Amino acid sequence: LYLARFYERFRTECLSAPKALPDAADSRPDELEKIMRYIEKHFLDANFSIKSLAVQFGKTPSGMSHYFKKAANGNLSQYIERLKMQKACSMLSAERYKISEIAVILGFSSSSAFTEAFKRAVGQTPRAWLSTHKSGNKME
């Protein structure tokens with residue numbers, strides 16, 4: 001349920017005019033809220049991984065994934081990827097970065113891996129998304 005609301009907010013914001021990442025606080029269980037805030041703060045860190053997240057909260061990677069799935073009703077890896085895609089939309093709309101630079105910043109192995117993930121999440125390629133969201137062409 002929490003991820004469904006987050007995902008719907010992500011789609012709405014990313015397909016219109018993305019801003020900052022959404023606030024993590026709804027009415028989640030305390031530990032889940034702490035985990036999600038930690039992820040939102042650190043998902044762009046070079047050494048961030050599900051393993052490092054699990055260690056931070058005293059769990060195994062498998063235990064963290066299972067806890068997250070049960071508490072948030074969604075997949076941890078998908079949640080992290082959605083955060084990355086939302087950040088990508090924000091960076092694209094700023095028009096300061098090349099697509100290849102965004103791919104590196106978000107931790108993708110290549111521009112094509114980033115483009116595939118972006119298209120999966122948003123429904124169009126970063127270049128197509130950018131052309132429909134340029135400063136003068138924003139969809140209302």
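The values are calculated or read from the model by the stated rules, or taken from the named source; none is laboratory data. Bear in mind that the values here come from a model prediction, so they are computed numbers and not experimental data. Note: ideal-geometry Cβ built from the backbone for every residue, glycine included; neighbour counts use all protein chains shown. Surface accessibility is based on the protein's heavy atoms, side chains included, excluding ligands, DNA and RNA. Shrake-Rupley method; radii C 1.70, N 1.55, O 1.52, S 1.80 Å.
Which residue, of 41, 70, is assigned to a helix (DSSP H, G or I), open to solvent by 80 Å² or more (accessible area, probe 1.4 Å) and either among the polar types (S, T, N, Q) or modelled with pLDDT under 95 (or both)? Before you say what the answer is, go through the steps one by one.
Values: 41 fails: either among the polar types (S, T, N, Q) or modelled with pLDDT under 95 (or both).
The match here is 70.
Suppose the filter is more than 30 Å from residue 30 (Cβ to Cβ), surrounded by fewer than 17 Cβ atoms within 10 Å (Cβ to Cβ), acidic (Asp, Glu) and free of Cβ contacts under 8 Å to residues at least 40 places away in the same chain; does residue 95 pass it?
Numbers: more than 30 Å from residue 30 (Cβ to Cβ): yes; surrounded by fewer than 17 Cβ atoms within 10 Å (Cβ to Cβ): yes; acidic (Asp, Glu): yes; free of Cβ contacts under 8 Å to residues at least 40 places away in the same chain: no.
No, not satisfied.
From the list 101, 31, the lone residue that is touching a Phe, Trp or Tyr at 6+ places or on another chain (Cβ under 9 Å), assigned to a helix (DSSP H, G or I) and acidic (Asp, Glu) is 31.
Give segment 15-36 a look and list any residue that's of a type in the set (Lys, Arg), open to solvent by 90 Å² or more (accessible area, probe 1.4 Å) and either at pLDDT 95 or above or more than 14 Å from the chain's Cα centre (by Cα) (or both), or say none. Steps first, answer last, please.
First, pick out the residues of segment 15-36 that are of a type in the set (Lys, Arg): 19, 28, 34.
In the following step, the residues that additionally are open to solvent by 90 Å² or more (accessible area, probe 1.4 Å) were identified as 19, 34.
Of everything in segment 15-36, just one residue is of a type in the set (Lys, Arg), open to solvent by 90 Å² or more (accessible area, probe 1.4 Å) and either at pLDDT 95 or above or more than 14 Å from the chain's Cα centre (by Cα) (or both), namely 34.
Which is at pLDDT 95 or above and of a type in the set (Asp, Glu), of 116, 95?
On the way: 95 fails: at pLDDT 95 or above.
Residue meeting the stated conditions: 116.
Restricted to segment 54-67, and to residues there that are out of contact with any helix residue (DSSP H, G or I) (no Cβ under 6 Å at 6 or more places or on another chain) and within 25 Å of residue 117 (Cα to Cα), the residue that is surrounded by the most Cβ atoms within 10 Å (Cβ to Cβ) is 67. In segment 121-135 there is at least one residue that is surrounded by 14 or more Cβ atoms within 10 Å (Cβ to Cβ) and under 29 Å from residue 32 (Cα atoms).
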